[in-house]
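As structure tokens, the structure follows; a few thoughts come after it.
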Amino acid sequence: MQGKLVKTLVSALTTLAVFLLFINIFFYLNQAGMIFFPLKNIESTPKDWGLSFESLRLPLKDNTTVSAWYIPQAEANKTVLFFHGNGGNISHRASSVSVFHQLKLNVLIIDYPGYGESDGRPSEQGLYQSADAAWKYLINDKKFKAENIIIFGRSLGGAVAVDLASRVKAGAVILESTFSSVKDMAGVIFPILSHLIYLRYSFDSVAKINKVTVPLLMIHSPDDEIIPFNLGNKLFTAATGEKQFLQIKGGHNDGFIKSISSYTTTLNRFIKSL
């Protein structure tokens, strides 16, 4: 009787181990496709939006390059370094770029590896290296002062912005509709499985935000259907420097448009206070 019980237990544990191995292999191979949704086709350029621009190729450490647009504003004395979310490419950010242009700011917006006309494939380190390349371009090529650069990140771009801002001292940081970490996001999407699978990516902003010492503006909507409001709030709570929070209305991708009045007013006030 005891031997039969042991065999049953061993069989159950073996089945569980095989199951865990299978789901970990599956999620390991598919995690990139769950996080990154790049599009290669450039649908429009700032010229189509009525804006002049410079098309750039920024070099990375592995001898590949990423695509970027520098969009000057004649009256600007500050520049926004723009990190977009996990889908599409820079050609899909006309509305956001136009807001910053109207606020009299230069904009440098980049595509990550695998996005748009950039080389390679997306990865966490590839996104961080792209941010480094963009920062170096503004500092070394454009000769801009660090205190006149505002780092902006929306959605996944918020994690890129936090990582960069934790390592350089810009003038300010603006984070919109972003999250605390991939682990926290996984806990929302896969409440049980998230404790059983190996996560290839961390994007652990909550562990880095205390190193951001410049003024911070966080923007998020309780109606966000993709990134829960409480994860944005968790990141904001963990920030230890000068900070303010703007609560907007609307979904993940259209919240800033539906709240455009309070959105632009707050951005303008925040930027002028720097």
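The values are calculated or read from the model by the stated rules, or taken from the named source; none is laboratory data. Just so you know, these numbers come straight off a predicted model, no measurement behind them. Heads up, the Cβs are rebuilt from the backbone with ideal geometry, glycines too, and the neighbour counts pull from every protein chain shown.
Restricting attention to the stretch 216-248 and to residues that are assigned to a strand (DSSP E or B) and touching a Phe, Trp or Tyr at 6+ places or on another chain (Cβ under 6 Å), the residue that is farthest from I271 (Cα to Cα) turns out to be H220.
Criterion applied to V188, V160 was being at pLDDT 95 or above and not hydroxyl-bearing (S, T, Y), and the one residue passing it is V160. Evaluate the following for A76: is it of a type in the set (A, V, I, L, M, F, W, C) and surrounded by 17 or more Cβ atoms within 10 Å (Cβ to Cβ)? Yes; evaluated as a whole, the condition is true for this residue. Could you tell me whether S130 is in contact with a Phe, Trp or Tyr (Cβ under 6 Å, 6 or more places away or on another chain), polar (S, T, N, Q), crowded, with 17+ Cβ neighbours inside 10 Å and part of a helix (DSSP H, G or I)? Here the answer is yes, as S130 does meet what is asked.
Residues in the stretch 249-259 that are in a helix (DSSP H, G or I) and either loosely packed, with under 14 Cβ neighbours inside 10 Å or free of Cβ contacts under 8 Å to residues at least 24 places away in the same chain (or both): K258 alone.
Taking the stated definitions as given, is N140 at pLDDT 95 or above, over 26 Å from E242 (Cβ atoms) and of a type outside the set (F, W, Y)? It is true that N140 is at pLDDT 95 or above, over 26 Å from E242 (Cβ atoms) and of a type outside the set (F, W, Y). A count restricted to the stretch 82-120 and to residues that are more than 20 Å from P38 (Cβ to Cβ) and not small (G, A, S) stands at 9.
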